[in-house]
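Q: One structure follows; several queries about it will come next.
Only the coordinates and a few stated rules stand behind these numbers; no lab work does. All figures in this text were calculated on a predicted structure; none of them were measured in a lab. Reconstructed Cβ throughout: ideal geometry from the backbone, glycine too, with neighbour counts over all protein chains shown.
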Amino acid sequence: MSGIFESLEPAIQEHLKVIRETSGLPEGDTSLELLAEDWREKEGAFDDQARSMGMDQAEECKDSSRGFLALTYSGSLVAVGPENGDKRKAVYVSIDRRRDVPARAESEDAVLGGSVVCGHEIVFEKGPVKKSSAIYRLALLPSALALSDQHERLDEATVALTKEFQAVDETRFDEN
């Protein structure tokens, strides 16, 4: 096989293979190539949204007063608000094809279980899910934003990206 699938990092390829198996999509290169096209479109949408929100791309979130968006290797979206006391608002949105995780889960009092670093899972002591797949891309909200403004931007970004991701899934697989 050649094309978009082969151009993806091996870790992403492995996630897409699992998604194909658990989604009910037909076996074969065509399904993998379609999933890879979806993944690239979602990566572009994530980058565009982060840029339009004035977010900083980062390898790690060291500042608990900053909210962040994460795109995982499997193509899921995780939005975590700034820490307020010991708690954070967190939203997990999976891609439509996955049947082994919730489509969407939220928590108003999430607690992270460790560092947030690209290449590693986001682990929650308490939250919308126990853990995400490894982070591929991480975007941090500006540190100067007030708590309420960070929550508003994260909500706006999550809604916009969820709609874009769903539109990509529906369009690509309805065409074939």
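Q: Along its three principal axes, how long is the chain when you only count alpha carbons? Whole Å, largest extent first please.
A: Largest to smallest, the principal-axis extents are 49, 31, 25 Å.
Q: Excluding Gln57 itself, what net charge comes from residues whose Cβ is under 10 Å from its Cβ, given Lys and Arg +1 and Asp and Glu -1? Present the calculation step by step, with values, prior to reporting the outcome.
A: Details: positive: Arg51, Arg137; negative: Asp47, Asp56, Glu59.
Every neighbour counted, the sum reads -1.
Q: Find the centroid of the Cα atoms in region 10-77 and in region 118-140, then give the distance between the two in whole Å.
A: Going from one Cα centre to the other spans 12 Å.
Q: Okay, moving on. Please name which of Gly114, Gly3, Ala103 has its Cα lying farthest along the dipole of the chain towards the positive end, using unit charges on Cβ (Lys, Arg +1; Asp, Glu -1) and the Cα centre as origin.
A: Of the options given, the answer is Gly114.
Q: Now, a different point. Rounded to the nearest 500 deg cm²/dmol, what is the calculated helix-only ellipticity per residue at 222 nm for the chain, with -39500 (n - 2.57) per DSSP H run of length n ≥ 4? Before the final figure, lay out each step's value.
A: Numbers: 4 runs with 70 residues, N = 176.
The helix-only estimate for the chain comes to -13500 deg cm²/dmol at 222 nm.
Q: Ranked highest first by average number of other Cβ atoms within 10 Å, how do 7-15, 68-76 line up?
A: Numbers: 7-15: 15.4, 68-76: 24.0.
With the highest mean Cβ count within 10 Å placed first, the list reads 68-76, 7-15.
Q: Right, next: Could you work out the relative contact order of the chain, using alpha carbon pairs under 8 angstrom and six or more residues apart, expressed as a whole percent?
A: Rounded, it is 23 percent for the chain.
Q: Further question on the same structure: Charges only on Cβ, +1 for Lys and Arg, -1 for Asp and Glu: so what's the dipole of the chain about the Cα centre, in debye to the nearest 20?
A: Details: 21 positive and 35 negative charges, 106 e Å.
Once rounded to the nearest 20, the dipole reads 500 debye.
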